[in-house]
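Visitor: Right, I'll just put the structure down here and ask away after.
Each value in this text was obtained by applying a stated rule to the coordinates, not by laboratory testing. Note that the structure is a prediction, hence the values are computed from the model and not measured. Don't worry about glycine lacking a Cβ; one is built from the backbone with ideal geometry, like all the others, and counts go over all protein chains shown.
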Amino acid sequence: MTKPDVEPQNEAWTIRRVITWASGDLKKRGASSARLDAELLLGKVLGIDRVGLLIDADRPLDKAELAAYRDLHQRRRAGEPVAYLLGVREFYGRPFRVDPRVLIPRPDTEILVEVGLARTRRIALAARVLDLCTGSGCVAISLACERPTSRVLGVDISAGALAVARENALRLGAVNAGFLRADLFAGLPPGLRFDLITANPPYIPDGDVGSLQVDIRGYEPHLALAGGADGLDVTRRLVAGAPALLAGGGVLAVEVEAGKAGAVAELFARAGFRDVVKSLDYGGHERVVAGALP
């Protein structure tokens, strides 16, 4: 850890002092959650939670601990997401392993799970679920764990993402979830029909990817971000193809970019879906569009 010139060089680097210095350093570089980042990373190094950091605030760090923290801090200073540095992100109350092969799960995507559960409540004991663009498997596994008698298939085009998803399913006990490499519906075994199809497709317009925050554009997989000129290339394909894979009364639920719910709802209507509903995320944006076949 580089010591500030204004402090005595022989002063011990306690937990309190490290967090104070590191959070100030990150804040100067524009981090929106600087103190939380510093605490989470130091907690990872020391193997304790944030309460433990508070209790042991005056404990000095040894050289090995300082070196380990210095490495994580420098990576975070460069913009690497905290979730990748920790190797885990909580989603729907469960810890999911994440690394640069997968998009980091966001709280707003939990709305996709909520909508899927709500609109299949009538067949909760035997739902057949397809989760497209599954990434880390957070949606597929959450649905599988919430409905352990359902059958869930997660699909992604990325072999690396599927490796992460399978590891998460194993760790979280989602024995009713399986995973398959495919480009949306292409490559799925013939004859499959589903009661629910969910998807969190890439939906950022290609021209906007470069203006995203550095911890997104510089580290998260562009394959999971860029959705074509208007951000709807993949969404158009999955809305058009979903009716052929849905059972009668089956539901399609798709996460969308803020401001695009109206356009996506029109795609649903043209594809023959009824009871099309737009659901709000935690920030009040229309985030999920869902509809059912007649």
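Visitor: Test of understanding: what is the full-extension gain from Leu54 to Leu36, defined as 0.36 nm times their sequence separation minus their Cα-Cα distance?
Guide: Difference between extended and current length: 5.2 nm.
Visitor: Among bridges DSSP assigns within the chain, what percent are antiparallel (round to 5)?
Guide: 45
Visitor: Fully extended, how many nm does the chain gain between Arg121 and Leu180 (0.36 nm per residue separation, minus their Cα-Cα distance)?
Guide: This chain segment gains 18.7 nm when fully extended.
Visitor: Could you check which residue among Ile104, Ile123, Ile157 shows the biggest mean-square fluctuation in a GNM of the chain with a 10 Å Cα cutoff?
Guide: Maximum fluctuation in the GNM of the chain, among the listed residues, is at Ile123.
Visitor: Equivalent-ellipsoid semi-axes (√(5λ), Cα gyration tensor) for region 158-203, whole Å, largest first?
Guide: 19, 15, 12
Visitor: Please identify every one of the trypsin sites (Lys or Arg not before Pro) in region 187-269 that sits in a loop by DSSP and has no more than 12 other beta carbons within 10 Å of its own beta carbon.
Guide: Within region 187-269, the qualifying trypsin sites (Lys or Arg not before Pro) (loop, at most 12 other Cβ atoms within 10 Å) are Arg193.
Visitor: Tell me which trypsin sites (Lys or Arg not before Pro) from region 4-82 have a DSSP coil assignment and no more than 15 other beta carbons within 10 Å of their own.
Guide: Of the trypsin sites (Lys or Arg not before Pro), the ones in loops of region 4-82 whose Cβ has at most 15 other Cβ atoms within 10 Å are Arg29.
Visitor: Rounded to whole Å and ordered largest first, report the semi-axes of the equivalent ellipsoid of the chain derived from its Cα gyration tensor (root of 5λ).
Guide: One finds semi-axes of 41, 20, 16 Å for the chain.
Visitor: Something else now. Please grab the % of Cα pairs in region 15-78 that end up more than 15 Å from each other.
Guide: 42
Visitor: Using every alpha carbon pair in region 181-294, what percent of pairs falls into each 10 Å bin from 0 up to the bin containing the largest distance?
Guide: Once binned at 10 Å, the Cα pair distances of region 181-294 give 14, 43, 32, 10, 1.
Visitor: Work out the count of Lys pairs in the chain where the Cα-Cα distance is under 27 Å, with the pair 8 or more places apart or on different chains.
Guide: Number of lysine pairs found: 10.
Visitor: Let me ask something else. Under a plain spin-label model, where a point goes 7 Å from the Cα along Cα-to-Cβ, how far apart in nm are Arg217 and Gln74?
Guide: Taking the two extended label points, one gets 2.6 nm.
Visitor: How many angstrom lie between the Cα centre of region 164-188 and the Cα centre of region 62-98?
Guide: Using only Cα atoms, the two centres lie 25 Å from each other.
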